[in-house]
Amino acid sequence: MNNTAQAARQHGNPDSVVQQIVFRYVNWLVANPKSVLLGSLIVAAILISGMSQLTFRSDNRVFFADDNPDLVQLEQFEQLYGRDDNLIFVIKANAGDLFTPERLHAINEITDAAWSLPAVKRVDSVTNFQRVRALDDDIEIDHLARSGDPVSVAQAKQLKADAVLEPLLIDRLLSKDGTLGLVVVQFRFRAATASDQSQAAIAAGHAVLQQYRVAYPDLEIGLSGSVALDHAFVEASTFDSSVLLPIMVVALLLIIAFSLRSAAGAAATFLVIALSTVCALGLAAMCGVPLSSPSVIAPNIILTLATCDCIHMCAGMMRLRRSGLDRREAVKESLLECWWPVTLTTITTAIGFLTLVFSAVPPFAHLGIIVAIGSLVAWLFSVTFFPALLCLLPWRANAVSLPAEQFSIGIARLVTHRPYFFVTAISVATVALGALAFTNVLDDRYVRYFDHSYSFRVATDRMNEDLGGFYILEFSLDSQETDGISNPQYLQEVDAFAQWLRAQPGVTHVHGLPDIMKTINRAMQGGAASEYRLPANRDLGAQYLALYEMSLPFGTDLRNQLTADKRQSRLSVSLNDISTGEMTDLQARAEQWASHHTRLIAVSAKATGTSLLFAHIGNRNIQEMLRGMAVSVLVVWVIFVLAFRSLSLSLVGTVANFAPCMATLGIWALIDGEVGMAVATVAAVTFGIVVDATIHMLTCFSRLQREENCSTEAAVQGAFKTVGPGLIAMTLALAVGFACLAFSGFQINAWMGMMAALTIFVALLFDLLFIPAILLVLKLGEKPEPALALEAQ
């Protein structure tokens, strides 16, 4: 027992009982590596079996929690008017406009084909637009250009002249210059099967798209709409998991092979990261955690974290093997040396990622849970499977020191010679960059989540540039009484509100009941432009509306515009490609205008819509994640205090890990200046990761001072020699791993990858330059010289 305790105390864990347990376990592992391997594989098989329960959500509603107030308001709106699951064929004339016989025929063909798509409930297009014209004492409602009717060149030109006079058509389904038109397909999806129905609809839509692209090469045709958006999320996830993940694996293996110069170490590490990833996904699936576009990068992150644990252990094994130990003794001593800092880093990493459960965006919470599970599983295999495998595989250490060791020793010399310079320079730079961090602008235009390699982005940009209307604000305006929508005061208030909205920057079209009533009134009064006004009294308005509804053909009724009791009507405000800040500002100004200038609709004039959900989610996520970050920083600080038994070291470690996040945001302000909902998530993710390097550095520094009575300078140099090479290789692996995500076409993942890689690099500067320098300047943990102590007495 005494020999065990004495040997265990050499490896720096504060709890002697735990030391003895670890020492016995390591001895048993080295003596029975095959048993450990078998046990590890059995555990892995059990966890991997959960992969069969893994699910994926592709709909855009996955970004919002069920209790999100904006989502609750939108769902209440949809209960009245139905959900807008749509697919939009964006049709652009490559030359000239759409008003030629051939192109009008093409639009009619696409419109007819759209009716054959699965679960379709309504199709609106330029050609089937319901034009209202006077016919004696009655009105005629018919398509602008009916399918099958022959159209001459002269008639096509006349149709264009007629179309310009239709406020319900221009800037809604047709651009002012007639060069771009839409075919909007509305679907009726069941909640339980919406994802499958959406995929069936987009597949059928792509078939129609390809057919008419070939048939009409003079037209540029693309797909937009909510169904195309959901499919773009699927495409992004598929690319990130099938292309970027293998690239990341290869990159990490190359880094390991270069840093450690060990094929056996690279092979063992690959097996650990593979097992850790699939086991984490299996366990997450057992817990009911789904994957989505943001959380699909969890395997990429787990791969990187698992690599880091293995790199530290493998670097120690190589160093010990060169000192003369045999293979199993090197494995044993490295595991005893590394188990405590690796365990600490696992705990802090898991805490960092678990703070994502505070996120207002469920996929980020799912990402945090999956990666936290992966971090724990990676730790398990790093202290079981990995050392057991290296006890059996043939491997040897290089006679010469590794590149990372030479670089680490060079940095140590530089820092110990000029500590005051590095403390001052890094502090000034951090303060300056931290101030710039607050100049970033928050913007969550969800179309821009995808780069131009996605056909959805190309089609939607074309639509927003020439027409607008992908981003929409919706209002359900209450007349306060059944059948009240024919009340002249109600119509006048809605019309005044609509006119005010049309005058606002960024608004391209406003569609509501007053426009329909004015169109009917004009037709009933002989079609004169001067009669484009609201009916004179309530009864006349009710009669006009009833006549209009009875005259509408199948599939073009007003159920998506009016409530069944005729108490409320819908007002849709189409926007061009404005920022989310401008969108929320318009919302606030609109609601304020209605409260000051209307009586009936003021209370109900509250905007909603998918666009507003994304416009608000960024700020909401930042507010929630600030709470999570505060909890994370506090918990990590407490862990530092307990681990290092030093208030000063714990403060240095905490500051040195929070500062890189602020510095990175400052650098980002210089590079891009625009951030989205992922920004707060990046801070939480990177804080949980970069703290690992600090723990390894400070743990070694503290152990050398406590157990070997080293001076501050000697402890700093010893820490560089012992953990520096692993720390450098680990940081390189982390940075490259996250940098691979920068090649994602999905902006959230690309920004997260770029910002995380940048933060990790900045944190490395703090760990290699700032922390050692401030330890030297403040001489933290150094005991006074005996002579000085006597003089003081």
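The values are calculated or read from the model by the stated rules, or taken from the named source; none is laboratory data. Since we're looking at a predicted model, the values are computed, not measured. All Cβ positions, glycine included, derive from the backbone under ideal geometry; neighbour counts span all protein chains shown. Surface areas here come from the heavy atoms of the whole protein model, side chains and all, with no ligands, DNA or RNA. Shrake-Rupley method; radii C 1.70, N 1.55, O 1.52, S 1.80 Å.
Okay, here's what the table says:
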{"quantity": "Cα-centre dipole for the chain with unit charges at Cβ (Lys and Arg positive, Asp and Glu negative), debye to 20", "calculated": "2940"}
{"quantity": "Amide hydrogen neighbours beyond the local backbone of Leu291, cut-off 5 Å, H modeled", "calculated": "Thr55, Phe56, Arg57"}
{"quantity": "Global geometry of the range 607-672, whether rounded, prolate or oblate, following the gyration tensor of its Cα atoms and the 1.5 cut on a/c", "calculated": "oblate"}
{"quantity": "Size of charge dipole - the range 183-259 - debye, nearest 20, with Cβ of Lys, Arg +1 and Asp, Glu -1, no other charges", "calculated": "200"}
{"quantity": "Of all accessible heavy-atom area on the range 598-694, the percent that carbon and sulfur account for (1.4 Å)", "calculated": "69"}
{"quantity": "5 angstrom amide H check on Asp85, placed H, neighbours 5+ away", "calculated": "Phe187"}
{"quantity": "Nearest-0.05 FRET efficiency for Asn440 and Gln489, computed from C-beta distance (R0 60 Å)", "calculated": "0.85"}
{"quantity": "For the range 244-252, 3J(HN,Hα) per residue [Karplus equation, 6.51 cos²θ - 1.76 cosθ + 1.60, θ = phi - 60°, Hz, x = Gly/Pro]", "calculated": "5, 4, x, 4, 5, 4, 4, 4, 5"}
{"quantity": "Dipole of the range 323-430, positive direction: furthest Cα of Thr346, Gln406, Phe386, with charges on the beta-carbon", "calculated": "Gln406"}
{"quantity": "Trypsin sites (Lys or Arg not before Pro) within the range 455-557: DSSP coil, no more than 14 neighbouring Cβ in 10 Å", "calculated": "Arg533"}
{"quantity": "Where chymotrypsin sites (Phe, Trp or Tyr not before Pro) fall in DSSP loop in the range 660-713, at most 12 other Cβ within 10 Å", "calculated": "none"}
{"quantity": "Neighbour-limited loop hits for chymotrypsin sites (Phe, Trp or Tyr not before Pro), the range 510-607 (at most 12 other Cβ within 10 Å; DSSP other than H, G, I, E, B)", "calculated": "Phe554"}
{"quantity": "Inter-label distance, nm, simple model (7 Å from Cα along the C-beta direction), Thr482/Val214", "calculated": "5.6"}
{"quantity": "Sequence-separation-based contact order of the chain, relative, with Cα cut under 8 Å and 6+ spacing, percent", "calculated": "18"}
{"quantity": "Within the chain, helix-based [θ] at 222 nm, where runs of 4 or more DSSP H residues each add -39,500 (n - 2.57), nearest 500", "calculated": "-21000 deg cm²/dmol"}
{"quantity": "Anisotropy class of the range 322-435 from Cα gyration tensor, a/c 1.5 cut", "calculated": "oblate"}
{"quantity": "Carbon and sulfur %, accessible surface of the range 34-82 computed with the full protein complex present, 1.4 Å", "calculated": "60"}
{"quantity": "Simple Cβ-charge dipole of the range 315-472, Lys/Arg +1 and Asp/Glu -1, about Cα centre, in debye nearest 20", "calculated": "700"}
{"quantity": "Amide H within-cut-off set for Phe129, under 5 Å, with H built and near neighbours excluded", "calculated": "Leu144, Ala145"}
{"quantity": "Phi-based couplings in Hz for the range 549-554 (Karplus 6.51, -1.76, 1.60; Gly and Pro marked x)", "calculated": "5, 5, 8, 6, x, 4"}
{"quantity": "Solvent-accessible heavy-atom area per residue, rounded to whole Å², over the chain at 1.4 Å", "calculated": "39"}
{"quantity": "The range 335-420, relative contact order [Cα under 8 Å, separation at least 6], %", "calculated": "24"}
{"quantity": "14 Å Cα-Cα reach of Lys176 towards aspartates and glutamates, excluding residues that sit fewer than 8 places from it in its own chain", "calculated": "Asp97, Asp162, Glu166, Glu465, Asp466"}
{"quantity": "From phi via Karplus (6.51, -1.76, 1.60), per-residue ³J(HN,Hα) for the range 170-177 in Hz, x at Gly/Pro", "calculated": "5, 6, 10, 10, 9, 6, 4, 8"}
{"quantity": "Dipole of the chain, positive direction: furthest Cα of His511, Ala192, Val26, with charges on the beta-carbon", "calculated": "Val26"}
{"quantity": "Positive-end residue of Pro362, Thr307, Val377, charge dipole of the range 306-416 with Cβ unit charges", "calculated": "Thr307"}
{"quantity": "Local electrostatic count at Ala350 - Lys and Arg +1, Asp and Glu -1, tallied over other residues with Cβ under 13 Å", "calculated": "-2"}
{"quantity": "Stretchable slack from Asp162 to Leu392, in nm (0.36 nm times residue separation minus alpha-carbon distance)", "calculated": "74.5 nm"}
{"quantity": "Rel. contact order, % - alpha carbon contacts under 8 angstrom, at least six apart, the range 469-614", "calculated": "43"}
